[in-house]
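Data block below; observations after.
The values are calculated or read from the model by the stated rules, or taken from the named source; none is laboratory data. What you see is a predicted model, and the numbers here were worked out from it, not measured in a lab. Every residue, glycine among them, receives a Cβ derived from its backbone with ideal geometry; neighbour counts consider all protein chains shown. Areas reflect the complete protein model, heavy atoms only, side chains present, ligands, DNA and RNA absent. Shrake-Rupley method; radii C 1.70, N 1.55, O 1.52, S 1.80 Å.
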Amino acid sequence: MVDSTIGLCRLDEEVIAAAEKVRFFERPLAGGKGSELYTPEGGILIDFSATWTAAGLGYGDPRIAESAYRTLLDCPGLGIGSLINGPCLELARRLLAITDTAGYDRKECGRRVYFGHSGSDANDIAIRLCRTASERKGGGRRVLAFEHSYHGGFGEALGLSGVQVEGGAREDRCVTFLPYPNRTDPHVQTGGIGDELDFCLNEARRVASDGGAACLIVEPILSDGGMIVPPDGFLSGLRSICDEFGIPMICDEVKVGLGRPGTVHAYQHEGIHPDIVTFGKTLGAGLPISAIVGPASIMDCAPGSALLTMGGNPVCASAALSFLDVLLGDDLARQAREKGRHLEGRLRRILAERGGRASLHVADVRGRGLAMAIELDDRESPERFAEKVCYRANQLGVVVYYVGGHVLELTPALTIPYGQLDDGADMIVQAIVDVADGAVDDDKIRGFGGW
Ligand SMILES: *Cc1c(COP(=O)(O)O)cnc(C)c1O
């Protein structure tokens, strides 16, 4: 048992592989409940990340714990490879019922669900199945993805993650990265929002018209790339292009789907119907489970080709069923909408009150629902500034990370109480003021820089 902060930090360094970590500050954790995390010394941190959105209901929700525990004690096998189980069948039925994909129930042969363990495997397998289905019809393997996107940490999902490929990960030669409408990206910035949208859609159309595309994959809100909310018309524009050239459209809802954007799915903002939707992170509300919903023509094209021994684990499926009960029963989408509006209002108000120093370093406050962000502005070294703000915020009592180089990502649990939402927002603004005043030295964040 290692109980001191220093001990845990040293152990982290000595025994945990660097390949699976990005550390923003040093304080380790001992427990958590709701939107609070506890340090070994009894300190309380308000969690504004929710483990990168995975903890959509916060930590320790008894409804999730009870359903998982019940299934664990009386368990119908551990996977659906060779034995089907009730929780998975029910979960598949429920996911199909809430996910409106491109009218496949009316034409062709219906839709199917695939269960994995993480957003990465869901995207990886969705892409692989699209490529196989395309090749079987004499089509190509090319995947259309987006610059600054994130779809996973391994396999085909890694090779089409813009942020990873831009950071040096091996590029998949059969991927074309398209521009995402992004006001902060100079080469996309052509003038007004309308011009930028036209530019991006024209590029997508030009590449799609070359033929050979097996699918297009898009995040309806580009989250790891900097919490970019695309202008209206982007998703529906992509949908028309995909329709025109017969390209299956995948919406990656792993991070901001399932209530967070103020609707059940982020793609619903534009009323479109993707062909395939991938889910992960908060789906299991604390247990690892992911899902792909898509047409049988793709999902059934290669039987037995994507086996995971514990795919369709009934314990995780039971937790996910309870999560969906809460999502719909407590109208988490409405909560996210209202809390997001409240958070944005409070941030804008305190930034205005603080006047000069804090707002000088804030370029933008944006988001949709509880997928919010503060874009920082420090021309001299924007990344160092963001690193220091995360570090300082943690000292003050809040867990927050940055994405896209210099954008604080604010994605608390959808169940966060208003009091904690306010306290967290206040501490984050205070952290920006403190860092602007030089509160964090460069050597403090050595080893805790984030990305
Ligand atoms: C996190 C994330 C993934 C990968 O999910 P893991 O659970 O980390 O495998 C895929 N897509 C998006 C948009 C994500 O944010």
Legend entry - Computed label-point distance, nm, for sites R348 and E171 using a 7 Å Cα→Cβ extension: 4.0
Inset, instruction - Take every DSSP beta bridge with both residues inside the chain and express the antiparallel ones as a percent of the total, to the nearest 5. - result: 65
Inset, instruction - Could you calculate the contour length gain from S381 to D437, that is, 0.36 nm times the residue separation minus the distance between their Cα atoms, to one decimal place in nm? - result: 18.7 nm
Legend entry - Cα-derived Rg to Rh of segment 1-126, Kirkwood definition: 1.07
Inset, instruction - Report the local net charge at D243: Lys and Arg +1, Asp and Glu -1, summed over other residues whose C-beta lies under 12 Å from its C-beta. - result: 0
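How large, in percent, is the carbon and sulfur part of the accessible surface of the chain at a probe radius of 1.4 Å?
Details: 9570 of 18660 Å².
So the carbon and sulfur contribution to the accessible surface is 51 percent.
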Legend entry - Percentage, to the nearest whole number, of Cα pairs in the chain over 39 Å apart: 19
Inset, instruction - Using the Cα centre as the reference, give the magnitude of the dipole from point charges on the C-beta atoms of segment 1-113 (Lys, Arg: +1; Asp, Glu: -1; all else neutral), rounded to the nearest 20 debye. - result: 620
Legend entry - Residue-averaged 222 nm ellipticity for the chain, from DSSP H runs of 4+ at -39500 (n - 2.57), nearest 500: -12000 deg cm²/dmol
Legend entry - Paramagnetic reach from L83 in segment 293-310 [backbone N under 15 Å; point 7 Å along Cα→Cβ]: 309-310
Inset, instruction - Could you estimate the translational diffusion coefficient of segment 190-267 from the Stokes-Einstein equation, with Rh from the Kirkwood formula over C-alpha pairs, at 4 °C and 1.567 mPa s, in whole µm²/s? - result: 97
Legend entry - Residues of segment 389-430 with amide N under 15 Å of the 7 Å Cα→Cβ point at A30: none
Legend entry - Neighbour-limited loop hits for GluC sites (Glu not before Pro), segment 3-78 (at most 10 other Cβ within 10 Å; DSSP other than H, G, I, E, B): E41
Inset, instruction - State in Å² the accessible area per residue of segment 1-125; use a 1.4 Å probe, count heavy atoms of protein chains only, and round to the nearest integer. - result: 54
Legend entry - Label-point separation in nm, Q395 to D325, each point 7 Å along Cα→Cβ: 4.5
Inset, instruction - Can you spot the lysines whose alpha carbon is less than 26 Å from K21's alpha carbon? Ignore those fewer than 8 places along the same chain. - result: K33, K255, K281, K388, K444
Inset, instruction - Rounded to whole Hz and in sequence order, give me ³J(HN,Hα) for segment 129-143 from the Karplus expression 6.51 cos²θ - 1.76 cosθ + 1.60, θ = phi - 60°, writing x for Gly and Pro. - result: 5, 4, 5, 5, 4, 5, 5, 4, 8, x, x, x, 9, 4, 10
Inset, instruction - Filter the trypsin sites (Lys or Arg not before Pro) in segment 364-431 to those in DSSP coil with at most 13 other Cβ atoms within 10 Å of their Cβ, and list the result. - result: R379
Legend entry - If the convex hull is drawn through the Cα atoms of segment 338-451, its volume per residue in Å³: 91
Legend entry - Check: segment 233-332 dipole with +1 on Lys, Arg Cβ and -1 on Asp, Glu Cβ, in debye: 280
Legend entry - Loop-located GluC sites (Glu not before Pro) in segment 98-170 whose Cβ has at most 15 other Cβ within 10 Å (DSSP): E108
Legend entry - Residues of segment 257-286 with amide N under 16 Å of a point placed 7 Å along Cα→Cβ from D232: 263, 267-272
Legend entry - Modelled FRET efficiency - R0 25 Å, E41 with Y69, Cβ distances, 0.05 increments: 0.25
Legend entry - Within the chain: Cβ-based charge dipole about Cα centre, in debye rounded to nearest 20 (Lys, Arg +1; Asp, Glu -1): 920
